[in-house]
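The values are calculated or read from the model by the stated rules, or taken from the named source; none is laboratory data. On a predicted model such as this, the values are computed, not experimentally measured, just so you know. Ideal geometry is used to build each Cβ from the backbone, glycine not excepted, and the neighbour counts take in all protein chains shown.
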Amino acid sequence: MLHIYNTLSRQKTPLQTAEPGVVRMYVCGMTVYDFCHLGHARMLVSFDVVQRWLRASGYRVRYVRNITDIDDKIIRRAVERGVPIRTLTEFFIAAMRADERALGVQAPDDEPRATEHVAGMLDIIGVLQSKGLAYQGADGDVNFSVRKFPGYGKLSGKSLDDLRAGERVAVSAGKQDPLDFVLWKSAKPDEPADTRWDSPYGPGRPGWHIECSAMSRGLLGMPLDIHGGGPDLKFPHHENEIAQSEGAFGGTLATAWMHCGPMMVDAEKMSKSLGNFRRIRDTVADAPADDVADYTANPRESEMLRFFLIRSHYRSVQNYTPDNLQDAQHALDRLYQALSNVAPALVDIDWQSPQAQAFRDAMDDDFNTAGAVAVLFDLANQANRDADARASGLLRALGGVLGLLQTDPRIYLQSPTRFLSGGAGAASLSEQAIDGLIAERAAAKASRDFARADRIRAELRDQGVELADVAGGATQWRRV
């Protein structure tokens, strides 16, 4: 049985769904005002693995991940660039989708945008106001009365006296309590016209938190089976979602809450506000242009980055360093080398077999991908040791459950990468140049000029290309 660590209960519990065999999962997605970085990549890949495993386990999944396309940061960036809000957000949505393709992240079943659900947000605000949980301040903003909602802080574990306004919540004179948060922001005279909607409270726009209450309820209802997001969303965003949704409609917003761990750089969380982030596109593509949303990703480096994220448990603290990426490249290459050494048999996964059962046990234990990846290495060792085509086939099949190991091994191993010793040197040698040197080496061997053959082999090795002579006189090569 699948067990999930529930942030709300602070323990692992069996997955419980409102409808048998169906999982309704809502994950808070991107605020589209800039390019995605590796911290975002961790969230995207973590919940991609979750939905993949749920489907592999036989559940029918309705996966919704929203897009925040109206926000103070979006408005500031659009004004800086002198473009309409929609022009800015469409560009960064396209850039986000290019990143997702590079990482092998499957599209969610629904990807609602905040600007498409303003009417639903106003409906919820109206219900909250009728229940005395919302009020309009003198500045025109409509706020939620935090102290009037019993149980506020149950997700984050903070008491009201400990809490402070979240980083996106501006404290204004219109609030009755500093902890109150904005549901509807009154339009300001200096803001662009495309940032405001008509409402019973005057022209304005929704606050950040209300959007997810409206979109999750509108598309999935209550309770959600799983609500997920990044580590920084636990408070205030998810705490405020609970207050809004449960305050308006009673019941429970979500049965299980999941939060992935942070991506760290030098003991600090990777974030745009700290300026210590590395963009996804800079990691998997050569010199991507900032004025173009799409790009061509390096297939070897893209899968390495996905593998780097998956090899750690989704809740763990993960540290970014170039050395860690290089180690991930070496490790993934070992798996592909096993597939290259022993051609995989075409197999259906027998979940009763020892290796598949060990993989399933790991994934059923709160999506323990670290344990599942260990099974992949056991299979690679077995394939290499015993020339076992079935083990190689099961390695490929189980890797596919995680979104890994589906590229032709020859194409993968011959693709250049900046994260191995060959680096730029290997990348600078074209396939034609390598094939030419291999042909020269073969001719040297045929004429018994073994010194020349050894020099060519050493020359290629110095430039990050390793040769392997195989049965029948053929020579295979890979970039290392």
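Filtering TRP257, TRP208 for residues that are modelled with pLDDT under 95, buried (at least 19 other Cβ atoms within 10 Å of the Cβ), at negative phi and in the same structural domain as GLY151 (by TED's automatic domain parsing) leaves a single hit, TRP208. The condition of being without any contact (Cβ under 8 Å) to a residue 24 or more places away in the chain and under 23 Å from GLY39 (Cα atoms) holds for ASP327.
In the stretch 262-285, the qualifying residues are those that are among the charged types (D, E, K, R) and within 27 Å of THR87 (Cβ to Cβ), and the one that is surrounded by the most Cβ atoms within 10 Å (Cβ to Cβ) is ARG281. Quick one: in the stretch 59-100, of everything that is touching a strand residue (DSSP E or B) at 6+ places or on another chain (Cβ under 9 Å) and of a type in the set (Asp, Glu), which residue is surrounded by the most Cβ atoms within 10 Å (Cβ to Cβ)? The qualifying residue surrounded by the most Cβ atoms within 10 Å (Cβ to Cβ) is ASP99.
The listed residues are SER316, SER353, and the only one of them that is under 30 Å from TRP257 (Cβ atoms) and small (Gly, Ala, Ser) turns out to be SER316.
When LEU179 is tested against the conditions (1) at pLDDT below 95; (2) in contact with a Cys (Cβ under 7 Å, 6 or more places away or on another chain), the lone failure is (2). Has the stretch 335-344 got any residue that is modelled with pLDDT of 95 or more, closer than 21 Å to TRP53 by Cβ and not assigned by TED's automatic domain parsing to the domain that holds VAL49? Within the stretch 335-344, one or more residues are modelled with pLDDT of 95 or more, closer than 21 Å to TRP53 by Cβ and not assigned by TED's automatic domain parsing to the domain that holds VAL49. Within the stretch 246-270, being touching a residue at least 60 places away in the same chain (Cβ under 8 Å), under 30 Å from LEU220 (Cα atoms) and assigned to a loop (DSSP other than H, G, I, E, B) holds for CYS260, GLY261, PRO262.
Are there any pairs, at least 6 apart or on different chains, whose C-beta atoms fall under 7 Å, with the first in the stretch 1-26 and assigned by TED's automatic domain parsing to the domain that holds ALA56 and aliphatic (A, V, I, L, M) and the second part of a strand (DSSP E or B) and exposed (fewer than 14 other Cβ atoms within 10 Å of the Cβ), and if so, which? Cβ pairs passing all conditions: VAL22/ARG60. Surrounded by 18 or more Cβ atoms within 10 Å (Cβ to Cβ), more than 24 Å from the chain's Cα centre (by Cα) and under 17 Å from LEU467 (Cα atoms), is that true of LEU437? Taking the combined requirement at face value, the residue satisfies it.
In this structure, ASP190 does satisfy being assigned to a loop (DSSP other than H, G, I, E, B), acidic (Asp, Glu) and without any contact (Cβ under 8 Å) to a residue 60 or more places away in the chain. The residues of the stretch 92-114 that are within 26 Å of PHE307 (Cβ to Cβ) and of a type in the set (D, E, K, R), listed by number, are ARG97, ASP99, GLU100, ARG101, ASP109, GLU111.
Annotation: of all residues in the stretch 117-165 being of a type in the set (S, T, N, Q) and without any contact (Cβ under 8 Å) to a residue 60 or more places away in the chain, the one that is farthest from ARG196 (Cα to Cα) is SER159. Out of curiosity, is THR407 surrounded by 19 or more Cβ atoms within 10 Å (Cβ to Cβ), in a loop (DSSP other than H, G, I, E, B) and within 26 Å of the chain's Cα centre (by Cα)? Judged against the criteria, THR407 is not a match. Looking across the stretch 304-339, just one residue is part of a helix (DSSP H, G or I), surrounded by fewer than 20 Cβ atoms within 10 Å (Cβ to Cβ) and among the basic types (Lys, Arg), and that is ARG334.
Selection of the stretch 68-103 for residues being touching a helix residue (DSSP H, G or I) at 6+ places or on another chain (Cβ under 8 Å), outside any loop (DSSP other than H, G, I, E, B) and within 20 Å of ILE210 (Cβ to Cβ) yields THR68, ILE74, ILE75, ILE85, THR89. Among the conditions (1) of a type outside the set (Ser, Thr, Tyr); (2) assigned to a loop (DSSP other than H, G, I, E, B); (3) in contact with a Ser or Thr (Cβ under 8 Å, 6 or more places away or on another chain), the only one that ALA287 does not satisfy is (3). Pairing residues of the stretch 387-398 that are touching a residue at least 24 places away in the same chain (Cβ under 8 Å) and at positive phi with residues that are surrounded by 21 or more Cβ atoms within 10 Å (Cβ to Cβ) and among the aliphatic types (A, V, I, L, M), at Cβ distances under 9 Å and at least 6 apart in sequence or on separate chains, gives ALA387/VAL342.
Each residue in the stretch 141-165 was checked for being in a loop (DSSP other than H, G, I, E, B), modelled with pLDDT of 95 or more and farther than 17 Å from ILE242 by Cβ, and 1 pass.
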